[in-house]
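Written below as structure tokens is the structure these notes are about.
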Amino acid sequence: DRNKLAESVERSHRWEARSLSEHLKNVKEQAMYCVIHGGIDVELRTKSIDYLTSLPFDGYAIGGSLGNGRSELKDLLTWMMPLFEKESRKEKPRHLLGIADEESIRNAVTLGVDTMDSCYPTRLGRHGTLMTREGLLRIKRGRHATSFGMKIDSDCTCSTCQQYDRAYLNHLFKANEVLAMALATIHNIH
């Protein structure tokens, strides 16, 4: 319901303003970002951007409900990101919260997002999918059981690629070893 969303945005604004006020009393060399809210509602998002960018935050985070799926997220960012190009807004970083797939990451960067947090590489790693320059590699597949001496990605310098081959990672995943998830995650975030 739009009224509840509007009330929520107002409540978030009050909380963010109070938090900023306290933060400014003792910054301790820490940056503080605001979080832009409003769901996919153009009016509420615009109001949130206008209000929060008028306060002395160090950067802007885009959060809350970002739509249902990649298409709505891309549509949201397409009309919203130009609003950050006005006046002094463009000089502060824009951070997108909670991106969970490669296509959304590409879209966000293309549309002007500077940074983001994402569970994507670690989730892939935990489930046996490794990111390479040639695309995704599903290490649990049987063909990797005999890939002795073959790096995950021949150009990668991560510790996983420097010390282990595809056959070993395949074995670890097949044996349900926790080390498999750790090594895959190290590779994916390198």
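Set side by side, the residues LEU5, LEU24, LEU20 differ, and just one is touching a Phe, Trp or Tyr at 6+ places or on another chain (Cβ under 7 Å) and among the aliphatic types (A, V, I, L, M), which is LEU20. The residues on offer are ARG138, ARG89, and the sole one that is under 30 Å from TYR168 (Cβ atoms) and out of contact with any Cys (no Cβ under 8 Å at 6 or more places or on another chain) is ARG138. Within segment 30-41, not a single residue is in a helix (DSSP H, G or I) and either in contact with a Lys or Arg (Cβ under 9 Å, 6 or more places away or on another chain) or not small (Gly, Ala, Ser) (or both).
Counting the residues of segment 20-38 that are open to solvent by less than 30 Å² (accessible area, probe 1.4 Å) and within 19 Å of MET116 (Cα to Cα) gives 3.
Among the candidates ASP41, ASP58, the residue that is surrounded by 15 or more Cβ atoms within 10 Å (Cβ to Cβ) and acidic (Asp, Glu) is uniquely ASP41.
You will find that of LEU136, LEU96, LEU73, LEU124, the residue that is assigned to a strand (DSSP E or B), open to solvent by less than 50 Å² (accessible area, probe 1.4 Å) and under 24 Å from ILE189 (Cβ atoms) is LEU96 and no other.
Mind checking whether some residue in segment 77-97 is over 27 Å from TYR120 (Cα atoms) and touching a strand residue (DSSP E or B) at 6+ places or on another chain (Cβ under 8 Å)? Within segment 77-97, one or more residues are over 27 Å from TYR120 (Cα atoms) and touching a strand residue (DSSP E or B) at 6+ places or on another chain (Cβ under 8 Å). Kindly establish whether ARG11 is of a type outside the set (A, V, I, L, M), at pLDDT 95 or above and open to solvent by 10 Å² or more (accessible area, probe 1.4 Å). Taking the combined requirement at face value, the residue satisfies it.
If you go through segment 140-167 and pick out every residue that is open to solvent by 10 Å² or more (accessible area, probe 1.4 Å) and in contact with a Ser or Thr (Cβ under 6 Å, 6 or more places away or on another chain), you end up with 1.
Total residues in segment 111-142 satisfying the condition of being among the small types (Gly, Ala, Ser) and in contact with a strand residue (DSSP E or B) (Cβ under 9 Å, 6 or more places away or on another chain): the figure is 4.
Answer yes or no as to whether GLU87 is out of contact with any Ser or Thr (no Cβ under 8 Å at 6 or more places or on another chain), on the phi > 0 side of the Ramachandran plot and among the acidic types (Asp, Glu). Taking the combined requirement at face value, the residue satisfies it. Selection of segment 139-175 for residues being in a helix (DSSP H, G or I) and among the hydroxyl-bearing types (Ser, Thr, Tyr) yields THR146, SER159, THR160, TYR168.
Which residue, of SER147, SER118, is in contact with a helix residue (DSSP H, G or I) (Cβ under 7 Å, 6 or more places away or on another chain), within 20 Å of ARG70 (Cα to Cα) and not acidic (Asp, Glu)?
Details: SER147 fails: within 20 Å of ARG70 (Cα to Cα).
From the options SER147, SER118, the qualifying one is SER118.
When restricted to residues that are open to solvent by 50 Å² or more (accessible area, probe 1.4 Å), in a helix (DSSP H, G or I) and either modelled with pLDDT of 90 or more or of a type in the set (Ser, Thr, Tyr) (or both), segment 99-119 contains 2.
The values are calculated or read from the model by the stated rules, or taken from the named source; none is laboratory data. As the structure is a computational prediction, the values presented were derived from the model and not from experiment. Ideal geometry is used to build each Cβ from the backbone, glycine not excepted, and the neighbour counts take in all protein chains shown. Just so you know, the surface numbers come from the protein's heavy atoms only, side chains and all, with ligands and any DNA or RNA stripped out. Shrake-Rupley method; radii C 1.70, N 1.55, O 1.52, S 1.80 Å.
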